Amino acid sequence: MVPRPLLLAVAVLASAPALAQEPYNRPPAPIPRILDADPAPLVEPSPDRGWLLLMDRPPLPHIQEVAAAELRLAGDRIDPRNDNRSREAVFKGLRLRSVEGVVERRIETPDPARIGAAWWSPDSRQIAFTVVGSDAVNLWLADVKTGAARRLTDTPLNGAAGPPCAWTSPATGLVCKLVPAGRGRVPVPAGTPRGPLVQESTGKPAPNRTYEDLLQNPDDEALFEHHFTSQLALISPDGTVRPIGVPGLHVTARPSPDGVFLLVETLHRPFSYVVPRERFPRAISVWNVDGLFVRQVADVPLQEEVSPAFDAVPAGPRDVSWREDAPATLVWAEALDGGDPARPATKRDRLTVLEAPFGGEPAGLLDVAYRITGLVWGRSDLALVEESWWKTRRTRTWVIAPAGRLVPRVLFDRSSEDRYGDPGDFLTAPSPRGRPVLLTTKDGKSAYLAGRGASPEGDRPFLDRIDLVSARTLRLWRSEAPAYEEVVALLDGEGRRAITRRESPDEPPNYFVREIKENLLSRLTDFPDPVPELAGVKPELIRYQRADGVELSATLYLPPGYDRSQGPLPFLFWAYPREFKSAAAAAQVVGSPYRFARPSGASHLFLLTQGYGILDGPTMPIVGEGDKEPNDTYVEQLVASAQAAVEKVAAMGVADRNRVAIGGHSYGAFMAANLLAHSDLFRAGIARSGAYNRTLTPFGFQAEERTFWKARETYIRMSPFAFADKIDEPILIIHGMADDNSGTFPIQSERLFAALKGNGATARLVMLPAEAHAYRARESVGHTLWEMVRWMDTHVKNAPPRPARR
């Protein structure tokens with residue numbers, strides 16, 4: 001039995017730390033210039049692969065934008081002024097680049113523009129996009145041939161639940177979610193409470209992870225219904241708006257490939273105060289595009305009682321979608337074991353289809369022993385089905401003939417942890433209706449795979465052709481040193497030409513057309529180096545071994561102009577632990593020495609500009625082979641991995657072992673605090689947006705499936721909060737005050753700091769107003785980097801001799 005003092009309730013330290021308001025500080029040069037530079041555009045190939053859409057990104061937004069009013073409802077954050085997701089990335093312009101020839105064209109957009117989502121039409125001749133205004137989101141349409149664009153309608157879109165539109169066909173237009181006309185004023189919270197808020201447990205287990213931004217009261221429920229209610233409508237290319245059905249809590253409306261039907265998901269009560277909207281009750285129905293109800297596929301109940309096990313799923317139809325290769329056929333997965341992975345079963349999932357006009361009974365296509373996790377549809381009675389089982393880390397890929405003319409057969413059966421054995425992802429191409437289907441050779445017997453190509457020498461992306469009967473593969477191409485190049489899309493069905501994305505330590509990522517057999521490249525884009533100050537910095541992939549024999553790896557960066565004859569440097573290790581069921585898989589090399597590495601956002605790589613060496617991503621595997629659980633020896637394995645990394649860089653002569661800091665973000669912050677608590681390897685630590693008290697995430701965290709009550713000692717042993725009295729190295733704790741990540745409530749950092757302060761540690765707590773789990777505002781990012789540089793300069797680079805261990 002665990003003694004009562006070790007139970008780590010928040011009440012252990014009742015008072016929050018006192019916070020002093022400080023101004024935002026600017027990091028040292030050249031960091032501000034880099035932060036203010038435009039990042040490289042986002043690139044989206046057209047369905048026919050004839051064009052690249054370049055979506056120009058603005059610099060970081062200012063704090064006024066990030067801190068604007070938002071509603072946090074049922075796991076979502078929305079802007080109440082325009083019914084759109086409040087933290088959605090926006091673009092400042094759109095450009096086109098032809099794949100064949102040298103045509104470049106700018107799309108006419110409002111100036112200044114705040115562009116949200118963009119969707120290629122199935123025939124690649126038009127681009128629909130949203131313009132995000134302060135009080136409304138509107139739909140625009142651009143002509144690819146001319147670049148001319150116009151607003152299609154003044155009726156505002158509703159993007160609260162995600163992308164508001166989807167193409168039905170080039171001629172018909174898009175189905176969109178609109179703000180209902182005449183929906184009334186925003187509900188006003190009651191000034192005087194009408195009574196207490198009450199929740200009950202009825203005796204059934206309802207284990208749920210620690211979610212953020214949940215509904216809390218009836219006022220939240222009213223706001224949720226107001227902002228998430230939408231009117232479906234068909235918007236034609238000429239701007240005609242035709243309403244479909246009646247308003248409702250419609251979260252998705254997906255057109256069938258033939259454009260005749262819609263698959264509509266509509267939320268309904270009862271809502272929940274313990275799970276986000278993705279687990280609210282919902283009706284999944286088929287409508288036609290005139291808004292007439294055709295059939296209800298499922299009425300999914302509230303999902304508060306689903307097991308927290310990773311292989312658990314809700315009972316009934318799930319992941320309902322359209323078959324991409326058929327005019328209008330539904331497909332879904334359904335658990336045969338009730339969704340409970342603890343229940344003995346030889347077959348656990350069934351792939352089910354239902355054809356238009358949806359009057360008959362659903363037909364089973366395939367029963368599998370694991371959970372169905374992926375589907376790729378082919379053009380001629382062919383489909384690929386992936387099934388996976390987390391507990392054993394196994395995954396299989398089946399080849400099936402939906403018409404039943406062939407017996408299903410296994411194409412791959414492998415460990416999902418085995419990066420070296422990963423066959424890659426199947427490439428797709430648009431069908432005549434513009435839907436993505438499996439790209440095959442003309443005879444339909446072979447398909448194409450593109451993957452990272454993990455290997456002992458690092459990642460080397462590849463392109464393979466695979467025989468779908470024998471599973472034999474032919475390597476058509478592999479990225480060659482000193483570049484890192486990956487296939488984005490094939491331009492033909494014979495594997496001769498491809499669009500690739502290519503980079504090297506000296507060359508920023510750009511897009512090319514590769515003639516594979518001839519080994520020729522034609523440049524499509526010319527994005528410049530955003531950080532010329534770091535030109536000449538080359539990543540070095542290093543390998544070393546843990547004391548128990550597990551092979552480890554990391555990427556080493558040395559500051560510009562550094563020569564090893566200058567002696568060892570102060571160093572920052574930045575890492576993120578991962579769990580494995582196999583020591584062999586844990587030992588596989590991660591990364592490549594041929595990537596273009598430049599910092600952005602609040603990246604730790606900015607420390608390179610201040611004379612620090614960086615050990616990026618040193619592997620910290622937590623292995624539990626067989627029936628062993630990885631986390632039962634988390635601390636021991638973590639310290640052993642860190643010890644090996646310190647010994648390696650010290651032996652190389654590049655790092656001063658007495659001036660090494662450990663840092664990380666999220667689970668990496670949790671790691672950093674643990675290493676300071678359980679070792680003397682590091683001079684200081686930086687922990688950003690972490691969770692430090694695992695009793696506050698009692699129904700599982702990260703890859704831990706067990707609850708606190710089933711693994712009490714492990715939860716406590718893994719909680720650096722419980723060992724705050726052992727942390728005697730300086731630690732910088734940073735957290736966004738609006739963290740939206742499951743489990744990393746801001747109180748996690750506040751409580752750790754209070755524990756450290758109470759025990760006399762050297763610590764600094766920085767709470768960033770309005771920031772979520774990732775930091776966005778220019779001021780917040782700049783201040784975070786100022787804090788990191790200052791902390792490293794004070795406690796690592798210019799630190800006095802180490803005091804004796806208490």
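The values are calculated or read from the model by the stated rules, or taken from the named source; none is laboratory data. None of these values were measured; they are calculated from a predicted model. Backbone-built Cβ (ideal geometry, glycine too); neighbour counts: all protein chains shown. Calculation scope for accessible area: heavy atoms of the full protein, side chains included, ligands and nucleic acids excluded. Shrake-Rupley method; radii C 1.70, N 1.55, O 1.52, S 1.80 Å.
Cα convex hull of the stretch 102-179: mean projected area in nm², to one decimal? Averaged projected hull area, Cα only: 5.6 nm². Rounded to the nearest Hz, the phi-derived 3J(HN,Hα) couplings of the stretch 21-26 under the Karplus curve 6.51 cos²θ - 1.76 cosθ + 1.60 (θ = phi - 60°) are 6, 10, x, 5, 10, 9, where x marks glycine and proline.
For the stretch 579-716, the convex hull drawn through the C-alpha positions has a volume of 127 cubic angstrom per residue.
Each of Y667, A722, A799 was placed along the dipole of the stretch 658-806 (beta-carbon charges, centred on the mean Cα), and the one lying farthest toward the positive end is A799. The 3J(HN,Hα) values that the Karplus relation (6.51, -1.76, 1.60; θ = phi - 60°) gives for the stretch 452-464 are, in residue order, 6, x, 4, 7, x, 8, x, 5, 9, x, 9, 10, 10 Hz. Gly and Pro appear as x. Each Lys and Arg contributes +1 and each Asp and Glu -1, all at the Cβ; summed about the Cα centre of the stretch 380-467, the dipole is approximately 260 debye.
Please compute, over every Cα-Cα pair in the stretch 698-806, the percentage with a separation greater than 24 angstrom.
Taking all Cα-Cα pairs of the stretch 698-806, the fraction more than 24 Å apart is 38 percent.
Computed over the alpha-carbon atoms, the stretch 119-275 gives an Rg to Rh ratio of 1.07, Rh here being the Kirkwood radius from the mean inverse distance. Taking the Cβ of R598 as the center, what net charge do the other residues with Cβ under 12 Å away carry, scoring Lys and Arg +1 and Asp and Glu -1? Local charge sum for R598: -4. All other residues whose Cβ lies under 12 angstrom from that of E212 are scored, Lys and Arg at +1 and Asp and Glu at -1, for a net of -1. Think of the stretch 103-199 as a dipole: +1 on every Lys or Arg Cβ, -1 on every Asp or Glu Cβ, centred on the Cα centre; then among T153, P112, A142, T153 lies furthest on the positive end.
Charging the Cβ of each Asp and Glu at -1 and of each Lys and Arg at +1, and nothing else, the dipole of the stretch 41-97 about its Cα centre rounds to 160 debye.
Using only Cα atoms, locate the centre of the stretch 21-70 and the centre of the stretch 196-240, then give the distance between them in Å, rounded to an integer. Here the two parts' Cα centres lie 31 Å apart. Residues with beta-carbon under 11 Å from that of L262, excluding L262: net charge, scoring Lys, Arg +1 and Asp, Glu -1? Net of charged neighbours comes to -1.
If you plug the beta carbon distance of Q21 and E480 into 1/(1 + (r/R0)^6) with R0 = 41 Å, you get a FRET efficiency near 0.15. Solvent-accessible surface of the stretch 265-354, averaged per residue with a 1.4 angstrom probe and all protein chains in place: 40 square angstrom.
Counted over the chain, the DSSP beta bridges are approximately 85% antiparallel. Only helices enter this figure: runs of n ≥ 4 DSSP H residues, each worth -39500 (n - 2.57), summed and divided by the residues of the chain, yield -3000 deg cm²/dmol at 222 nm to the nearest 500. Between T240 and F412, the simple spin-label model (points 7 angstrom out along Cα→Cβ) gives 4.6 nm. The charge dipole of the stretch 609-761, taken about the Cα centre with unit charges on the Cβ atoms of Lys, Arg (+1) and Asp, Glu (-1), comes to about 280 debye, rounded to the nearest 20. Segment D443..D680, full-extension length gain: 79.0 nm, with 0.36 nm per residue of separation and the alpha-carbon distance subtracted.
When the solvent-accessible area of the stretch 188-336 is split by element, carbon and sulfur atoms take up 54 percent of it, the probe being 1.4 Å.
Whole-Hz Karplus values for the stretch 224-235 come out as 4, 5, 5, 7, 9, 6, 9, 10, 6, 8, 9, 10 Hz, taken residue by residue from phi with 6.51 cos²θ - 1.76 cosθ + 1.60 and θ = phi - 60°; glycine and proline positions read x. For the set K517/K648; K726/K797; K442/K517, the pairs lying more than 30 angstrom apart at their alpha carbons are K517/K648. Computed over protein heavy atoms with a 1.4 Å probe, the accessible surface of the stretch 112-248 works out to 47 Å² per residue.
May I ask you to give the solvent-accessible area per residue for the stretch 739-798, in square angstrom, as obtained with a 1.4 angstrom probe?
That works out to 32 Å² for each residue.
With Cα atoms defining each centre, the stretch 325-358 and the stretch 723-757 are spaced 44 Å apart in the structure. Amide hydrogen proximity for A489: with H placed 1.01 Å from N in the peptide plane, the residues at 5 or more positions away or on another chain lying under 5 Å are I499. Highest mean packing first, where packing is the average number of other Cβ atoms within 10 Å per residue, the peptides 96-102, 554-560 line up as 554-560, 96-102. Available extension along the chain between R543 and E457 is 30.0 nm, counting 0.36 nm per residue and deducting the alpha carbon span. Projecting the Cα positions of F412, F261, F293 onto the charge dipole of the chain (unit charges on Cβ atoms of Lys, Arg, Asp and Glu, taken about the Cα centre) puts F412 furthest along the positive direction.
Can you figure out the FRET efficiency of R802 with K517, using R₀ = 56 Å and their beta-carbon distance, to the nearest 0.05?
Details: r = 60 Å, r/R0 = 1.08.
Once the sixth-power term is evaluated, E becomes 0.40.
A straight chain from D36 to A190 at 0.36 nm per residue would run longer than the Cα-Cα distance by 51.0 nm.
For the chain, what value does the Rg/Rh ratio take when both radii are computed over Cα atoms and Rh is the Kirkwood radius, given to two decimals?
That ratio equals 0.95.
The mean sequence separation of alpha-carbon pairs under 8 Å and at least six residues apart, normalised by the residue count of the chain, gives a relative contact order of 9 percent.
In summary, no lysines lie within cross-link reach of K445, defined as a Cα separation below 20 angstrom excluding same-chain residues under 8 places away. For F293, project a label point 7 Å along Cα to C-beta. Then give me every residue of the stretch 341-370 with its amide nitrogen under 18 Å of that point. Within reach of a label on F293, which here means backbone N under 18 Å from a point 7 Å along Cα→Cβ, the stretch 341-370 contributes 358-360. Per atom type, the stretch 395-435 shows carbon and sulfur on 51% of its accessible surface, probed at 1.4 Å. The distance separating the Cα centre of the stretch 758-789 from that of the stretch 79-127 comes to 33 Å. Of the residues K92, K445, K628, the one with the largest accessible area comes first in the ranking K628, K445, K92, computed with a 1.4 Å probe on protein heavy atoms.
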